[in-house]
Ligand code: MLT
């Protein structure tokens, strides 16, 4: 099976993202989407701009919260920012969340044409790797790991998470991978030796968060395999959700 990694969405055209795509915005959009669905949110609606999220709320009859960030902080008029710890059961269970972040939701929407689009990060590393490998072998398709980057630049936080997911995929099945995947895997192996948290703190995403006092999020997001939740982006409905079968198997 082929395994490719793209360090930035601009490295790959939307119509070349076929097969199974794992979208990675390690700090923090992927981690926050995983946390929201793990806490019982019914769906996350990815929106490019804050005004799109406001329109989504106006159009939906069911309870809908506005979540996301600009410059890492709460957007004026929104209910939640982009910190996974805010997305607790008491706040989000049974709710749908219209969600917009600087890089993560853009990357997700870039992958809308793929057969299967999953959301991955360190928190769900083994589970997303297993799901991607299973879907790819069922469909005889390739897996592509799509990093969101930060402001159009490659960032170490996403590359480390891509390396972690790629290593986990390769443990379960042999793959023919590209050099971006090899670079990511080497970076992750190095981080495992010297400390994943310290590598995350050094990354651009980590430094941005530390600068605005969100250091605790860097630590929370750096934890490996704390959940088996694997969000799927259903592009036809513009919703990221947990498929019913996954909910039943967790019950
Ligand atoms: C993004 O989408 O760029 C990030 O999620 C930014 C952040 O961590 O707030």
DSSP bridge orientation in the stretch 40-160 - percent antiparallel, rounded to nearest 5: 15 percent
Highest GNM mean-square fluctuation, the chain, Cα pairs closer than 10 Å: which of 128, 12, 45? 12
For 188, 99, 7, what ranking results if the residue with the fewest other Cβ atoms within 10 Å of its Cβ goes first? 7, 188, 99
Extent along principal axes [Cα atoms of the stretch 95-228; Å; largest to smallest]: 45, 38, 28
Semi-axis lengths, Å, the stretch 16-130, gyration tensor of Cα atoms, sqrt of 5 times eigenvalues: 21, 16, 14
Taking only the alpha-carbon atoms of the chain, the convex hull volume per residue, in cubic angstrom, is 115 Å³
Need one number: % antiparallel among DSSP beta bridges in the chain, to the nearest 5. 20 percent
Gap separating the Cα centres of the stretch 106-129 and the stretch 62-101, nearest whole Å: 19 Å
The stretch 85-151: translational diffusion in µm²/s, Stokes-Einstein, Kirkwood Rh over Cα pairs, 20 °C, 1.002 mPa s: 152 µm²/s
Please rank 177, 221, fewest neighbouring Cβ atoms within 10 Å first, as an exposure proxy. 177, 221
Sequence gap at least 6, Cα distance under 8 Å: using those rules, report the relative contact order of the chain to the nearest whole percent. 31 percent
Based solely on its DSSP helices, what 222 nm [θ] is calculated for the chain when runs of n ≥ 4 H residues each add -39,500 (n - 2.57) and the sum is averaged over all residues, nearest 500 deg cm²/dmol? -12500 deg cm²/dmol
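When a footprinting reagent is the concern and you count Cβ atoms within 10 Å, what order do 228, 193 take, fewest first?
The order, fewest Cβ neighbours first, is 193, 228.
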Compute the separation of the alpha-carbon centres of the stretch 146-168 and the stretch 226-246 and state it in Å as a whole number. 20 Å
Quick check: pseudo-label points 7 Å beyond the Cα along Cα→Cβ at residue 210 and residue 138, how many nm apart are they? 4.2 nm
Quickly work out the residue 173-to-residue 16 label distance, labels modelled 7 Å from Cα along the C-beta direction, and quote it in nm with one decimal. 2.3 nm
GNM result for the chain, Cα springs below 10 Å: residue of 24, 97, 210 fluctuating most strongly: 210
For residue 71, put the label point 7 Å out on the Cα→Cβ axis and report which residues of the stretch 126-161 keep their amide N under 11 Å from it. none
How big is the C-alpha Rg of the stretch 12-70 next to the rule-of-thumb value 2.2 N^0.38 Å, as a ratio? 1.31
When the chain is treated as a Gaussian network with springs between alpha carbons less than 10 Å apart, the largest mean-square fluctuation among 115, 19, 77 is found at 77
Grab the eigenvalues of the alpha-carbon gyration tensor for the stretch 154-226, scale each by 5, take roots, and send me the semi-axes largest first in whole angstrom. 24, 12, 9
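Taken together, the values in this text are just the output of simple stated rules run on the coordinates, not laboratory data. Quick caveat: nothing in here was measured; it's all calculated off a predicted structure. Glycine gets a Cβ as well: all are built from the backbone with ideal geometry, and neighbour counts include every protein chain shown.
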